[in-house]
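Here's the structure we're looking at; comments come further down.
The values are calculated or read from the model by the stated rules, or taken from the named source; none is laboratory data. Quick caveat: nothing in here was measured; it's all calculated off a predicted structure. Ideal geometry is used to build each Cβ from the backbone, glycine not excepted, and the neighbour counts take in all protein chains shown.
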Amino acid sequence: MSEWEKFLPKPTEDTEPYWDYCRKQELRMQKCKGCGLVRFPPSVICPRCWSLGHEWVKLSGRGKVWSWVIFHQAFYPGYADDVPYNTAIIELEEGPRLHANVIGCRNEEIYIEMPVEVAFEKVDDEVTLPKFRPVLS
Ligand SMILES: [Zn+2]
């Protein structure tokens, strides 16, 4: 099954820097210059203090599994070869949560608060996706 039959991000004016950094294999998010909140998804204004000022800061790439699900049915043909596959919510050390796949382990090994780190997966010349793999302690 072809990769392009899966859903891929369509960057907007607000999210384009995030995806540009992912292509460089850097996990960066906006940090508010007013209150210091690291926020995701990207936005023009801080949801906490309404400041317009921000900078794109490089994150540690570390976090933990906050929740996850296993898909046993392909709802779209592009995912038929992947089932069963996981989709997780990763809580980053800096606070934001994002959806991503956990790679590098079996689905049965995923658990709440599992320590993970980012592992970028290049899809094509335009898109690189942040995924997360277990951190072995
Ligand atoms: Zn703020």
Inset, instruction - Only residues in region 111-125 that are small (Gly, Ala, Ser) count as the first member; pair them with residues that are assigned to a strand (DSSP E or B), Cβ under 6 angstrom, at least 6 apart or cross-chain, and list the lot. - result: 119/131; 119/133
Inset, instruction - Scan region 41-54 and give yes if some residue there is more than 13 Å from the ligand (Cβ to nearest atom) and either part of a strand (DSSP E or B) or of a type in the set (D, E, K, R) (or both), otherwise no. - result: no
Inset, instruction - Could you pull out the residue among 91, 113 that is surrounded by 12 or more Cβ atoms within 10 Å (Cβ to Cβ) and acidic (Asp, Glu)? - result: 91
Legend entry - Flag if residue 77 is more than 16 Å from the ligand (Cβ to nearest atom), assigned by TED's automatic domain parsing to the domain that holds residue 118 and either free of Cβ contacts under 8 Å to residues at least 60 places away in the same chain or buried (at least 18 other Cβ atoms within 10 Å of the Cβ) (or both): no
Legend entry - Among residues of region 14-24, those that are surrounded by 14 or more Cβ atoms within 10 Å (Cβ to Cβ) and either in a loop (DSSP other than H, G, I, E, B) or within 16 Å of the ligand (Cβ to nearest atom) (or both), counted: 1
